[in-house]
Amino acid sequence: MPPDKYASKGLKRAAYLSETARRMTAADCAGIRVGIVAARWNFRVTEKLLYGARAALASVGIDLNDRSRCILVWVPGAFEIPIAVAKVIELERVHAVVALGCVVRGDTDHYHYVASAASYGLQEVSLRTGVPVAFGVLTTYDMDQALARAADSVESNKGFEAATAALEMILTLRELGGSDSKSIWRHLRCHRT
């Protein structure tokens, strides 16, 4: 499904989203800059996750094609996502990053190493920088499960969920007093090595 169809059909946010997420508007998200780091491995799935993320961002006025509001970076696979997320946070001054990837279990232990590295790496980047990183990396037993989680409907698209979670975390941290861009960048300057 082409990415513009989500926003143009005016699809409603899924019922499982929090009240904050359901009430988010373009005014709430004015000035927010979001990064997306997507893996090319299992592109058939990650492309659909990107469509879902794009729909969530479009629903609050953030256009994937507007570089002043959204940065998209492609990486080879899920293992490479954490380092790219760290660089996007450091260089692009985003308020949150959506990580999109797909790791499908195979016959060897490779799946466990890649999925764990992506998960731990993204958590470490988020905790170290104070910038929310939404985990939109699918870890499934087979390709059918992955495709089901990257469905064309936003109610079943984990990319949509991840982007919505990123936006909600930005707003939540603002409410807590910890997510204005000045405090985040002051923190990063103090912790660079």
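The values are calculated or read from the model by the stated rules, or taken from the named source; none is laboratory data. A quick note: this is a predicted structure, and the numbers were derived from the prediction, not measured. Neighbour counts run over all protein chains shown; Cβ positions are idealised from the backbone, glycine included. These accessible areas exclude ligands, DNA and RNA; they are computed on the full protein's heavy atoms, side chains included. Shrake-Rupley method; radii C 1.70, N 1.55, O 1.52, S 1.80 Å.
Odds and ends about this structure:
- Look at (1) crowded, with 22+ Cβ neighbours inside 10 Å; (2) outside any helix (DSSP H, G or I) and you find that residue 146 fails only one, number (2).
- Residue in segment 39-53 that is closer than 15 Å to residue 170 by Cα, among the charged types (D, E, K, R) and more than 14 Å from the chain's Cα centre (by Cα) present: no
- Filtered by the rule that a residue be among the polar types (S, T, N, Q) and open to solvent by less than 10 Å² (accessible area, probe 1.4 Å), segment 101-133 gives a lone residue, 129.
- Residue ranges of helices (runs of 4 or more DSSP H) in segment 1-100 with at least 2 members in contact with a Lys or Arg (Cβ under 7 Å, 6 or more places away or on another chain), at pLDDT below 90 and surrounded by fewer than 24 Cβ atoms within 10 Å (Cβ to Cβ): 19-23
- Listed by first and then second residue, the pairs with beta-carbon distance under 9 Å, at least 6 apart or on different chains, first residue in segment 160-188 and farther than 16 Å from residue 85 by Cβ, second surrounded by fewer than 14 Cβ atoms within 10 Å (Cβ to Cβ) and at pLDDT below 50, are 161/16; 177/183.
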